[in-house]
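The values are calculated or read from the model by the stated rules, or taken from the named source; none is laboratory data. All values reported here derive from a predicted model rather than from experimental measurement. Here Cβ is always computed from backbone atoms with ideal geometry, including for glycine, and neighbour counts include all displayed protein chains.
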């Protein structure tokens, strides 16, 4: 029995949608980097800004490598690959933005740059990740967190804005990853 063209197009769209859903499981990096962000908030509160820089200098690339390995294995198992370049470029942009603004703000004695720069770099990167992943939750959380950090700074808590911001980013990112993982397990 032969399908009409409209049914064939609907079937193709259904297959495309299912494949996209299988590829866009972003719970792993959200939970990993959410957890790392929460730990970095503690490191910052206990040891100060330079220790946070060292923390991310070590664990940022390790987290990136773990994420790359996770997606490589997942895509190999599914038999479908996506272009990793936009994801890698965004991750590198986040790291460069964080280190340049954090270190640069410290060297130039500009607390606004050293405090807000890294957090706003992360928000901008997550906004891009939200677009790449077609996730409204990630995009909206990036904007909300950026606004929250700016409000904290303006309300006069610059000395703790970076730790509170990192904790907020981490908790919300981890939560979104957790919810995403639960949905993935529920669909399986």
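Of note:
- Residues that are modelled with pLDDT of 85 or more, closer than 17 Å to residue 40 by Cα, surrounded by 16 or more Cβ atoms within 10 Å (Cβ to Cβ) and out of contact with any helix residue (DSSP H, G or I) (no Cβ under 6 Å at 6 or more places or on another chain) do occur in the stretch 92-99, at least one of them.
- Among the residues of this structure, residue 43 counts as one that is surrounded by 14 or more Cβ atoms within 10 Å (Cβ to Cβ), at pLDDT 90 or above and within 23 Å of residue 163 (Cα to Cα).
- Of residues in the stretch 117-139 being over 12 Å from the mean Cα position of the chain (by Cα) and under 24 Å from residue 183 (Cβ atoms), the one modelled with the highest pLDDT: 136
- Just one residue in the set 80, 52 is in a helix (DSSP H, G or I) and either in contact with a strand residue (DSSP E or B) (Cβ under 7 Å, 6 or more places away or on another chain) or in contact (Cβ under 8 Å) with a residue 60 or more places away in the chain (or both); that residue is 52.
- Tally, over the stretch 1-40, of residues that are under 19 Å from residue 181 (Cα atoms), at pLDDT below 75 and not in a helix (DSSP H, G or I): 2
- Identity of the residue in the stretch 46-90, more than 18 Å from the chain's Cα centre (by Cα) and within 30 Å of residue 107 (Cβ to Cβ), that ends up surrounded by the fewest Cβ atoms within 10 Å (Cβ to Cβ): 46
- In summary, residue 107 fulfils each of the numbered conditions (1) surrounded by fewer than 12 Cβ atoms within 10 Å (Cβ to Cβ); (2) under 18 Å from residue 177 (Cβ atoms) with the single exception of condition (2).
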